[in-house]
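S.K.: Just dropping this structure here.
The values are calculated or read from the model by the stated rules, or taken from the named source; none is laboratory data. From a predicted model like this one, the values you see are computed outputs, not experimental measurements. Cβ coordinates were reconstructed from backbone atoms using ideal geometry, including for glycine residues, and neighbour counts include every protein chain displayed.
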Amino acid sequence: MIDFLSNYGLFLAKFITIFILVIFGLIIIVSSLKKAPKSEGLTVESLNKRYKDLEDSLRLIVDGSEKYKKKSKERKKTDKLFLKKGSKRARTFVLDFKGDIRASATASLREEVSAILSIANKKDEVLVRLENPGGTVHEHGLAASQLMRIRDKDIGLIISVDKVAASGGYLMACVADNIIAAPFAIIGSIGVIAQIPNFNRFLEEKGVDFEQVTAGKHKRTLTMFGKNTEEGRKKIKQELEDVHDLFKNQISEYRPKIDLNEVATGEHWYGITALNLNLIDEIKTSDDFLIEKSKKRDIYLVSYKRKASLRDRLFGEAEALLSKI
């Protein structure tokens, strides 16, 4: 009886595991198919118009239809003149960057930046609404380089953090002329981490040998299946320290007022504390910033929609679900 219960429990555990994996896979596939854009290309939206439409919707109820119609006619005349002659006001271009482990939004970011730089002048500015908890070093380094292109053209760059800019996210944020953040936004995590499981003892217990052949002393430092050495651990530690130094050097170049000894510890802080540490410049949400700017500037939301392959969409959904878990 005990053997039966033991075998049944093992079978049930396997069945549940397989069931969860199948459901997990189906969720990823369905979500990726739903999010696939129908076409690839650049889209531009006037945020001034969006704000006016929201205002009109409220005014219709609050002021009544007669007063609303009068204001609506005046606005239509202004809109027609704008479409005919354009505007001489300075412009704020808005980009959204939602990060993942591989900073996959970089592919769209480079197209958006190229489009803006083709028409922007020194009176214009770019606001990037950044939400990024970090990930791989080289991918986020490339994303930061795309933002540097804006600064290199002497165009103002503002980063707005409403939720999180940590690790690789802050690597991107620190290149801005000005960083604004919501009071409880997560900022910092200036550090580097590498994690790798090791199954060597498990394989040895099962009588499985693992062979690994390399050319070059440090071609492979740590391994998942072989026996790791102290020399390999020291090497990977040194590599992480080198990356950390590069991270700190970039922060030092763009935000020299920061005390790196105090903040480059891998810790993160909320917006109010981050302000005191000079990690950001102002406590403000992106909404407040844009509504204020809309009174003096023309604001355009610029986005490049990519038609990603099914493989990319599947990996993207898997990463998103793992991040949430």
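S.K.: Any residue that is more than 19 Å from residue 265 (Cα to Cα), more than 16 Å from the chain's Cα centre (by Cα) and of a type in the set (Ser, Thr, Tyr) - is there at least one of those in segment 209-216? I'd like the intermediate steps shown before the answer.
M.R.: First, pick out the residues of segment 209-216 that are more than 19 Å from residue 265 (Cα to Cα): 209-216.
Right, trim to more than 16 Å from the chain's Cα centre (by Cα) and you get 209-216.
Now drop any that are not of a type in the set (Ser, Thr, Tyr), which leaves 214.
Yes: one or more hits.
S.K.: Still on this structure: Got a sec? Which helices (runs of 4 or more DSSP H) wholly within segment 220-303 have at least 3 residues that are more than 23 Å from residue 183 (Cα to Cα) and basic (Lys, Arg)? Break it down into steps so the answer makes sense when it comes.
M.R.: On the way: elements: 230-254, 260-263, 271-276, 286-293.
Correct list: 230-254.
S.K.: For residue 194, indicate whether it is surrounded by fewer than 23 Cβ atoms within 10 Å (Cβ to Cβ), assigned to a loop (DSSP other than H, G, I, E, B), in contact with a helix residue (DSSP H, G or I) (Cβ under 8 Å, 6 or more places away or on another chain) and of a type outside the set (Asp, Glu). Break it down stepwise before answering.
M.R.: Details: surrounded by fewer than 23 Cβ atoms within 10 Å (Cβ to Cβ): yes; assigned to a loop (DSSP other than H, G, I, E, B): yes; in contact with a helix residue (DSSP H, G or I) (Cβ under 8 Å, 6 or more places away or on another chain): yes; of a type outside the set (Asp, Glu): yes.
It is true that residue 194 is surrounded by fewer than 23 Cβ atoms within 10 Å (Cβ to Cβ), assigned to a loop (DSSP other than H, G, I, E, B), in contact with a helix residue (DSSP H, G or I) (Cβ under 8 Å, 6 or more places away or on another chain) and of a type outside the set (Asp, Glu).
S.K.: Let me ask something else about it. Let me confirm something: among 141, 169, which residue is at pLDDT 95 or above, crowded, with 23+ Cβ neighbours inside 10 Å and under 30 Å from residue 222 (Cβ atoms)? Before you say what the answer is, go through the steps one by one.
M.R.: Numbers: 141 fails: crowded, with 23+ Cβ neighbours inside 10 Å.
Criteria check complete, one pass: 169.
S.K.: Could you list all residues from segment 255-276 that are closer than 24 Å to residue 129 by Cα and surrounded by fewer than 17 Cβ atoms within 10 Å (Cβ to Cβ)?
M.R.: So in segment 255-276, the residues closer than 24 Å to residue 129 by Cα come out as 255-258, 263-264, 266-276.
Once the filter is applied, which keeps residues that are closer than 24 Å to residue 129 by Cα and surrounded by fewer than 17 Cβ atoms within 10 Å (Cβ to Cβ), segment 255-276 yields 256, 257, 266, 267, 270, 272, 273, 276.
S.K.: Could you tell me whether residue 178 is over 30 Å from residue 235 (Cα atoms) and among the polar types (S, T, N, Q)?
M.R.: The answer is yes for residue 178.
S.K.: In addition: For segment 144-166, how many residues meet the condition of being small (Gly, Ala, Ser), buried (at least 17 other Cβ atoms within 10 Å of the Cβ) and either in contact with a Ser or Thr (Cβ under 7 Å, 6 or more places away or on another chain) or without any contact (Cβ under 8 Å) to a residue 24 or more places away in the chain (or both)?
M.R.: First, the residues of segment 144-166 that are small (Gly, Ala, Ser): 144-145, 156, 160, 165-166.
From what's left, buried (at least 17 other Cβ atoms within 10 Å of the Cβ): 144, 156, 160, 165-166.
Next, from what is left, pick out any that are either in contact with a Ser or Thr (Cβ under 7 Å, 6 or more places away or on another chain) or without any contact (Cβ under 8 Å) to a residue 24 or more places away in the chain (or both): 160, 166.
Matching residues across segment 144-166 total 2.
S.K.: Another one. Could you say whether any residue in segment 229-240 is surrounded by 14 or more Cβ atoms within 10 Å (Cβ to Cβ) and in contact with a helix residue (DSSP H, G or I) (Cβ under 9 Å, 6 or more places away or on another chain)?
M.R.: No, every residue in segment 229-240 fails to be surrounded by 14 or more Cβ atoms within 10 Å (Cβ to Cβ) and in contact with a helix residue (DSSP H, G or I) (Cβ under 9 Å, 6 or more places away or on another chain).
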